[in-house]
Each structure stands twice: as structure tokens, then as C-alpha cells.
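Note sheet for the following structure.
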Amino acid sequence: MTTSPDITLYTTGGQNGGKPSIILEELGIPYKVKNIELRKNEQFEPWFLKINPNGKIPAIVDHSKDDFPVFESTAIAIYLCENYDTEEKLLPKNDPKLRSQVIQWVIFEASGIGPAQGQSNFYCRFNSEKIPFAINKCANEIKRLYGVLNKSLEGKEYLVGNKFTLADAMSYPMVRGHFFSGVESIDEFPNLKAWIERIDARPATQKGLNVPVPDKMKEYRENPEKLEEFEKLMQSYFKDRLKI
Ligand SMILES: N[C@@H](CCC(=O)N[C@@H](CS)C(=O)NCC(=O)O)C(=O)O
């Protein structure tokens, strides 16, 4: 029997941090949110490390299952679907091939797009020294991965089964922030561009993107001064923290 969910989400939004709230909203699951202030190192506080020993957002605690903690956005996504997606909105349960296809794209994001864009953010935004080799290496890999998505979206609205699934939900918050990760234009990937616009029109996804603070990507894209201000804050934070 499915218990009614009682979940706290620990996040601060963003490319990884926005994934669980998108899924929670798409599944219509009620939840509480605690904003974790990364620049204040809240992610390293002992109480948070008990929830995520890796000291990163996002994480959840499921109070309806003995305060069960889950970390890693992909593990959270699968956990939420396995426990609460009774209508198979985002993850098919009874069709093993369809389920495998969704999981393949989920892992493609977790092991490809997510890490590539995560590294790129450091070289493009969080490091004051601009290293062309690192920046170009990351951008080339991101574009290679976008090419795979673009080809797979040929003649299709969504990645699997012609409906919005976890496959789309996990890549969308990363891919829509391509410019932040150093890929200014995605004009060469028209299917991917249309896919972003399609998901931009999903009210639940948009609601999830703005949890717990309004999404910043659009603002940074339209207002270079705001982006520069954020880059400076992050550069000084990481300079102090990484000591490299
Ligand atoms: N693989 C992790 C990545 C999580 C991650 O990198 N989170 C970043 C924010 S996007 C973070 O918490 N950074 C804080 C830090 O590293 O101190 C996931 O998918 O959950």
C-alpha cells in the first residue's frame, strides 16, 4: 500500500538542484523545502551530512518512510517514481523495454550531460582565470552530447514513448542552462531547441524550476551585469574554499 508522502526537499534550485522539485511538481506530490545556502557552507554541516554524506544538494528526507534520506538527484528521481508514481506518469513500471529506455536516458544525463556541464561551469564561470583548452574541451563534449539528444529527438516530441518522462525531466534543467555552461548557442540543434521550448510550456516543470528561489538562468542570460555579479561571488567563494 502506498503511504501518503511527507517529504522535505533540501536544495537551492539550479541545474541539479531543480531536478527533484520538477519531478515532485510533475507527480503532484506535496513537499516542504529547506533552502540550503551553499556559499555559507550549509551543505557541510553535520546535520546535513547525515542526509547526504557527499555534502551536496539536492537531497530529500521521506518522513512517511521512517525519515528515509535519499541523495543524488538521479537516485531521488527514481525513488520518487518507484514509491509515488502510481500512474506511471514519468517512469513506466510494467513495460520493461520502455522502462529501460527511460533509465538509459536518465543515466546518459547523470554520467554525461550533468558532469560535463558541471565541470564547464567551473571553467567558464567560477574560475577568474580563463583557460581556453579547458573551456573548449568542455564545450566540445557538451555539444557532442547535445548532438546525441538532437538526433534522438528527430521526428519526436520527447525522448521516450512520445510522452514526457523522467528521461526529459532530468536533462531539461541542465540543457536549458547551456549558455551558463559555455555553449552560447544551440542553433545547430533544432530538435533540442524545440524540445526545450516544449518543456518550457509545462506549468508543473516551470513551478518546480522556481523552488525554493526564482530561477536565475533567464535573468543571467538577459542581464550580463547580474551574471558577472554572481560569477564574482562564486569565484571568491571557491578561491577561499579550494585554495588552488
Ligand atoms: N551528482 C550530484 C551532483 C550534485 C551537485 O553537484 N550539487 C552542487 C550544486 S549543483 C552542490 O551541491 N555543490 C556544493 C558543493 O559542492 O559544495 C547530483 O546529481 O545530485
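The numbers here are math on the coordinates, done by the rules we state, and not lab data. Predicted model only: the values in this text are computed from it and were never measured. Glycine gets a Cβ as well: all are built from the backbone with ideal geometry, and neighbour counts include every protein chain shown.
Check which residues have an amide H placed less than 5 Å from K34's amide H, if you skip close sequence neighbours.
The answer is L9, Y10, T11.
When the chain is fully extended, how far beyond the present Cα-Cα distance does N41 get from E87, taking 0.36 nm per residue of separation?
12.7 nm is the gain from fully extending N41 to E87.
How many nm is it between the label spots at K34 and D66, if each spot is 7 Å from the Cα in line with the beta carbon?
Placing both labels 7 Å along Cα→Cβ, they lie 2.0 nm apart.
For a footprinting-style exposure proxy, rank I186, I36 by other Cβ within 10 Å, fewest first.
Least to most surrounded, the residues fall as I186, I36.
Using a cut-off of 9 Å between beta-carbons, work out the net charge of the residues near N191 (Lys and Arg +1, Asp and Glu -1, N191 not included).
With Lys, Arg at +1 and Asp, Glu at -1, the net is +2.
What GluC sites (Glu not before Pro) does region 162-200 have in DSSP loop regions with at most 13 other beta carbons within 10 Å?
E184, E188
Compute the label zone of S152 within region 192-211: residues whose backbone N is under 20 Å from the point 7 Å along Cα-to-Cβ.
Of the residues in region 192-211, 192-200 have backbone N under 20 Å from the label point off S152.
With the Cα gyration tensor of the chain giving a ≥ b ≥ c as the square roots of its eigenvalues, does the rule (a/c under 1.5 for rounded; else a/b larger than b/c for prolate; else oblate) give rounded, prolate or oblate?
Oblate.
Sequence neighbours fewer than 8 away in the same chain don't count; with that in mind, list the lysines whose C-alpha is under 16 Å from K216.
K19, K207, K226, K232
Quick check on my link table: of K151/K193; K40/K130; K56/K218; K32/K89, which ones sit more than 19 Å apart, alpha carbon to alpha carbon? Kindly include the intermediate steps, with their values, before the conclusion.
Values: K151/K193 12 Å; K40/K130 25 Å; K56/K218 24 Å; K32/K89 22 Å.
Check vs 19 Å cut-off fails for K40/K130; K56/K218; K32/K89.
Nearest 5 is fine: what % of DSSP beta bridges in the chain come out antiparallel, could you say?
On the way: 8 of 13 bridges.
Taking every DSSP beta bridge within the chain, about 60 percent pair in antiparallel fashion.
With θ set to phi - 60° and the Karplus curve 6.51 cos²θ - 1.76 cosθ + 1.60, what are the ³J(HN,Hα) couplings of region 33-46 in order, to the nearest whole Hz, using x for Gly and Pro?
Per-residue couplings from phi come out as 10, 10, 6, 9, 8, 5, 5, 9, 6, 4, 5, 9, 5, x Hz.
Counting other beta carbons within 10 Å of each residue's own, what order do D85, D240, D67, D168 fall into, fewest first?
The fewest-first ordering by Cβ neighbours comes to D240, D67, D85, D168.
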